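Below is one structure, written out as structure tokens; the observations come after it.
The values are calculated or read from the model by the stated rules, or taken from the named source; none is laboratory data. What you see is a predicted model, and the numbers here were worked out from it, not measured in a lab. Neighbour counts are summed over all protein chains in view; Cβ atoms, including those assigned to glycine, are modelled from backbone coordinates with ideal geometry. Areas reflect the complete protein model, heavy atoms only, side chains present, ligands, DNA and RNA absent. Shrake-Rupley method; radii C 1.70, N 1.55, O 1.52, S 1.80 Å.
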There are 2 protein chains.
Amino acid sequence: MAKKWNTFDVLRHSRHDWLNRLQLIKGNLALDHVDRAKEIIEEIIIQSRQEAKLSNLNAPKLAEYILTFNWCNHLFQLDFEVIGDEYDISAYEVDVVELLTQCTKVLDAMVEIPEDHHLLLTLQLYHEEIHLVLDFQGEVSDQNKLKLAFENTDVKSAKLIELEQNNQELVSTFLIK
Amino acid sequence: MAKKWNTFDVLRHSRHDWLNRLQLIKGNLALDHVDRAKEIIEEIIIQSRQEAKLSNLNAPKLAEYILTFNWCNHLFQLDFEVIGDEYDISAYEVDVVELLTQCTKVLDAMVEIPEDHHLLLTLQLYHEEIHLVLDFQGEVSDQNKLKLAFENTDVKSAKLIELEQNNQELVSTFLIK
């Protein structure tokens, strides 16, 4: 169940995130690391382009889910990227949100606190076929149970087509169609 | 009537605003104007503190009204500052929003397009007495009519206590109590 945001809270969280980025730039300028400051600005602009791309898929609920995820007290950090063409994925929006909700819920239940965990979500959009890659890096209490949960998500249009597991990494690829 | 924002649009507008600020910093760094870039960062941080202050008054609808105002196709730009103590102004929130709505509506109806108009809104909070100062700079079609409209706002707790008028400036001070 997605959190219902009000404008006030969105503005507050967003301001907080941007000020953190600004502090990074400011800190580097204070140390005369101008080139590093420029790099950070470029990184922020690239990330913002990704956000704009995500926002152009006619899937506002999905965009909201991803862009507000890190404000919601999860036990890991979500990063994301959108690769490929921009097109209307509204027909799959509900399913992708549901799949993400199920997977992240499992992860939240199984990660070891208070380690530094990351989930990189990649939305690959090619030829009107959506691949959703979840690359989780971190320690979980039971790798096999996690794998099992990912193999048994209950979302109509999503099919797990690949699952690679290393020591501290689980990469799962879902085909959405 | 305040616009009802959804999270998606708030994020989009907010990102757009912040990227504009970032471009200013980037532009100055590209020209080796590092000191100017630092100044801009300080200005942004000061403005963000004002936003945080506005957000600490337990008046989320008022904060939302002010912070989203410039996204709403008005004929002038709104800037704001909060001076004085931070305290709970929730009892006056509805009235302040109503007063602002009435005043800005009059201004929108009377400003000359497409000049560069500004409204500086100052919220002065002293001894649990609120002063709202509206400093409008720009050309309007009829200064006297504007003055008359400001003198006759219909908001219970608001009283116009000062009105100064120069050629291209109208400063009106309301006491809210």
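Tabulated data for the structure shown
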quantity: Amide hydrogen neighbours beyond the local backbone of B:SER55, cut-off 5 Å, H modeled; calculated: none
quantity: The protein assembly as shown - Debye-derived log10 I(q)/I(0), Cα point model, q = 0.06, 0.11 Å⁻¹; calculated: -0.31, -0.89
quantity: Across the identical copies, how the B:SER141 labels are spaced - nm, sorted shortest first, 7 Å along Cα→Cβ; calculated: 6.9
quantity: In nm, spacing of pseudo-spin labels at B:ALA52 and B:ASN166 (7 Å Cα→C-beta vector); calculated: 3.4
quantity: Pairwise label distance in nanometres, A:HIS127 with B:ILE113, each label 7 Å out on the Cα-Cβ vector; calculated: 4.9
quantity: Burial of 20 Å² or greater, the stretch B:59-77 residues [accessible area, probe 1.4 Å, versus chain by itself]; calculated: B:PRO60, B:GLU64, B:LEU67
quantity: Of all accessible heavy-atom area on the stretch B:71-177, the percent that carbon and sulfur account for (1.4 Å); calculated: 44
quantity: The stretch B:59-67 - phi-based ³J(HN,Hα) in whole Hz, Karplus 6.51/-1.76/1.60, Gly and Pro as x; calculated: 9, x, 5, 5, 4, 4, 4, 6, 6
quantity: Candidate aspartates and glutamates - alpha carbon under 18 Å from B:LYS177, same-chain residues fewer than 8 apart omitted; calculated: B:ASP85, B:GLU86, B:ASP88, B:GLU93, B:ASP95, B:GLU98, B:GLU128, B:GLU129, B:GLU151, B:ASP154, B:GLU162
quantity: Spacing of the two label points (7 Å from each Cα toward its C-beta) at B:ASP135 and A:CYS72, in nm; calculated: 4.3
quantity: Most mobile listed residue (A:GLN23, A:GLN47, A:GLN143) in chain A, GNM with C-alpha springs under 10 Å; calculated: A:GLN23
quantity: Size of charge dipole - the stretch B:50-125 - debye, nearest 20, with Cβ of Lys, Arg +1 and Asp, Glu -1, no other charges; calculated: 140
quantity: In the A-B interface, the accessible area buried, summed over both sides, Å² (probe 1.4 Å); calculated: 2900
quantity: Solvent-accessible heavy-atom area per residue, rounded to whole Å², over the stretch B:73-150 at 1.4 Å; calculated: 51
quantity: Those residues of the stretch B:1-32 for which accessible area with every protein chain present is at least 40 Å² below the isolated value (1.4 Å probe); calculated: B:THR7, B:PHE8, B:VAL10, B:LEU11, B:ARG15, B:TRP18, B:LEU19, B:LEU22, B:LYS26, B:LEU29
quantity: The stretch B:7-176: relative contact order in percent, alpha carbon pairs under 8 Å with at least 6 residues between; calculated: 17
quantity: Karplus 3J(HN,Hα) series, Hz, for the stretch B:129-136 with 6.51 cos²θ - 1.76 cosθ + 1.60 (x for Gly, Pro); calculated: 10, 9, 10, 10, 9, 10, 10, 9
quantity: Antiparallel %, DSSP beta bridges [both residues in the stretch B:60-141], to 5; calculated: 55
quantity: The stretch B:1-90 - percent relative contact order, Cα under 8 Å, separation 6 or more; calculated: 26
quantity: Residue-wise HN-Hα coupling along the stretch B:89-95, computed from phi with Karplus coefficients 6.51, -1.76, 1.60 (Hz; x: Gly, Pro); calculated: 10, 4, 4, 9, 4, 4, 5
quantity: Nonlocal amide H pairs with B:PHE80, under 5 Å, H built at 1.01 Å; calculated: B:LEU121
quantity: Additional length obtainable on full extension of the chain from B:ASN152 to B:ASP88, 0.36 nm per residue less Cα span; calculated: 20.3 nm
